[in-house]
1. Name every residue in the stretch B:240-269 that is in a helix (DSSP H, G or I), more than 14 Å from chain A (Cβ to nearest Cβ), over 19 Å from the mean Cα position of the chain (by Cα) and in contact (Cβ under 8 Å) with a residue 24 or more places away in the chain, in order of residue number.
2. State the number of residues belonging to the stretch A:73-93 that are more than 22 Å from the chain's Cα centre (by Cα) and within 9 Å of chain B (Cβ to nearest Cβ).
3. Show me the helices (runs of 4 or more DSSP H) found entirely inside the stretch B:88-141 where at least 2 residues are at pLDDT 90 or above and buried (at least 17 other Cβ atoms within 10 Å of the Cβ).
4. Could you check the stretch B:121-148 and list, in sequence order, the residues that are closer than 22 Å to B:T78 by Cα and in contact with a Leu (Cβ under 8 Å, 6 or more places away or on another chain)?
5. Please verify whether B:L272 is within 14 Å of chain A (Cβ to nearest Cβ) and among the hydrophobic types (A, V, I, L, M, F, W, C), treating the condition exactly as stated.
6. Of the numbered conditions (1) aromatic (F, W, Y); (2) within 14 Å of chain A (Cβ to nearest Cβ); (3) over 23 Å from B:A268 (Cα atoms), B:F43 fails exactly one; give the number of that condition.
7. Out of B:L75, B:L61, I need the residue that is farther than 30 Å from A:Y98 by Cα and surrounded by fewer than 20 Cβ atoms within 10 Å (Cβ to Cβ). Which one?
8. Any idea which residue in the stretch A:135-177 is surrounded by the fewest Cβ atoms within 10 Å (Cβ to Cβ), counting only those that are in a loop (DSSP other than H, G, I, E, B) and modelled with pLDDT of 90 or more?
Amino acid sequence: MIEIVGLTKKYGSFYGLQDLNLTIEEGTVFGFVGANGAGKSTTFSILATLLQPTAGDAFIDGMSVTKNAHEVRKQIGYMPDFFGVYDQLKANEYLDFYGASYGLTPKEREALIPKLLELVNLEHKRYDYVDLLSRGMKQRLCLARSLIHDPKILILDEPASGLDPRARVEMRDILKELKSMGKTILISSHILPELAEMCDSIGVIDAGKLIAQGSVHEIQAHLQSEKVLKVKLAGPAKEAMAFFENDPLVSKLVEKPEKQSIEFLYRGTEEDQIRLLRQAMERSLPILSFAEEETDLEDVFMAIMKGVEVK
Amino acid sequence: MKTLIANPVLIKEVKLRFRSMKSFTGILFYLMAMSIFVFGFIFLTTSLTGSGFFRPDESFLLFSMMTYIQLGLILFITPGLTAGTISTEREKQTLNILLTTAQTSFQIIFGKMTSSIAFLLLMIVSGLPIYSLVFLYGGVDPLQIVVIFLFYFLTLLAIGSIGVMYSTIIRKTIVSMIVTYGTMIFLSVVTAFFLLLSIQISTLGTGTPTFSPFSYLWASINPAIVMLTLLQPGFAQEIQTMTAIELPLWVGYLVFYSLLTAGALWLAVKRLRVNMNKYK
């Protein structure tokens with residue numbers, strides 16, 4: 001289990017993190033969402049024992065990352081957003097080196113390395129120099145490296161960044177497999193639909209503060225202050241436009257003649273929405289359909305980043 | 001001890017160093033240059049004197065020259081081998097991953113330093129057969145060779161530690177390299193200048209040398225001067241007269257460079273995980 005308590009990191013007068021509180025249960029996959037500079041990598045660096053917080057602490061399996069850093073390192077597998085590899089080592093030697101760094105015996109390493117390479121689909125590259133691997137392969141090799149000591153917790157900072165769509169799919173499949181193995185995974189990404197698909201819960205961070213936490217559905221509901229409603233009409237839009245314009249919860253009303261529909265932002269609850277539709281029907285407006293536009297996590301995220309009011 | 005020898009960083013670095021032909025060709029060219037020098041010296045000496053034989057005092061001269069060549073090699077190559085050990089890892093973005101492994105800061109620093117100086121040590125040891133040619137002609141005490149090699153080892157360790165320390169505390173390899181070479185030049189050249197200056201000051205007015213701890217300090221930390229006292233005990237006597245301090249220079253050298261090595265390694269270990277320092 002990961003527990004973050006009042007975590008704060010200051011860089012001069014700038015707050016990289018501000019009083020971050022978070023609990024991640026064992027065996028769950030937690031996605032960390034935020035724009036560049038929001039504080040994702042700072043949080044991950046602190047959890048990976050690379051950075052000392054200015055205030056607060058984080059606990060991995062009850063061990064403080066600041067006070068028991070050496071013990072914590074044995075429990076986590078860390079993959080940074082940017083990393084280098086030892087070009088002159090072969091893939092198996094690369095893993096062997098890190099295995100030795102975690103104190104595994106040569107016998108243990110010998111048994112483990114083929115399995116890990118198989119897990120990340122690199123068994124055919126075992127004796128190839130790391131230098132010759134593609135970006136996606138290097139990312140997968142780095143993931144295998146983070147698993148060499150069988151850590152309970154994986155901290156993956158943008159593991160799919162810079163990968164082509166195919167490599168991203170491969171990476172996502174591997175992460176799903178790791179999830180099925182019961183690993184606790186903390187992952188950050190900009191590819192939000194993928195996170196939504198994989199994660200049990202998500203945290204949205206902005207300017208060093210956690211602004212929302214919960215399941216993907218909860219986050220969407222929590223963060224969306226306005227939903228987009230689409231009304232398809234069977235007749236002229238003039239009367240319908242006038243009706244919706246008068247509702248105090250409606251804003252940004254737009255007519256879309258090519259689709260014979262109107263769209264607007266609606267701030268009300270579901271009950272308000274029912275009331276609005278009922279009133280429209282009572283006026284005999286030629287409504288064919290009345291629906292809420294589907295928004296994915298990415299839309300929500302973009303809306304937050306554009307400064308849309310948050311509930 | 002076993003953990004130190006089975007150090008993963010040391011094993012990996014040695015593997016990488018000897019994977020390329022560069023290291024082997026480096027040793028080959030060094031041995032060829034040494035051989036040309038030694039056999040050239042013997043040839044020239046025997047043919048120029050017309051005697052057709054090599055005298056023990058000429059053998060000793062050859063030994064002294066080779067000793068200084070190797071000292072120069074240590075002073076100029078060690079910074080290049082060690083001053084980029086940690087900063088290169090940082091530049092290649094491999095350091096962060098290394099720091100999240102179960103290895104302690106000491107293990108990482110120790111592995112990095114030993115792997116760097118091991119190459120130079122191998123170079124020096126590989127030159128031993130050429131070095132021992134002087135025994136054919138006499139004039140050199142075998143014990144002297146042992147002492148010289150211990151001196152080399154201490155110097156190598158000290159400069160290596162300084163290089164690793166700078167490499168840890170300075171982010172850029174090029175800057176770390178410049179600072180390490182600067183420190184080495186200070187220890188081997190500037191201290192000699194300071195020695196001359198302090199001797200002048202100590203003899204000022206009286207015309208005879210007086211008690212001068214500064215002169216002793218500058219002399220005892222200068223590798224070339226201490227080396228000379230090991231080769232020529234008469235010169236050690238001369239220094240004692242000039243500084244009015246009885247303690248042999250090698251004792252000062254041993255103490256100073258041992259402390260320097262320990263201090264540099266301690267600082268490197270402390271500063272390796274600099275972002276984990278509480279008040280950073």
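1. Passing the criteria: B:T241, B:M242, B:T243, B:L267.
2. Within the stretch A:73-93, residues that are more than 22 Å from the chain's Cα centre (by Cα) and within 9 Å of chain B (Cβ to nearest Cβ) number 9.
3. Qualifying helices (runs of 4 or more DSSP H): B:95-99, B:105-126.
4. Hits for the stretch B:121-148 are B:L121, B:M123, B:I124, B:S126, B:G127, B:I130, B:V147, B:I148.
5. Criteria met by B:L272.
6. Every condition holds for B:F43 apart from (2).
7. B:L61
8. Residues of the stretch A:135-177 in a loop (DSSP other than H, G, I, E, B): A:147-152, A:158-164.
Next, only the ones that are modelled with pLDDT of 90 or more stay: A:147-152.
Values: A:L147: 22, A:I148: 24, A:H149: 21, A:D150: 14, A:P151: 19, A:K152: 17.
So the residue we want is A:D150.
The values are calculated or read from the model by the stated rules, or taken from the named source; none is laboratory data. Remember, it's a predicted structure, so these values are computed and weren't measured experimentally. A quick note on method: Cβ atoms are made from the backbone with ideal geometry, for glycine too, and the neighbour counts reach across all protein chains shown.
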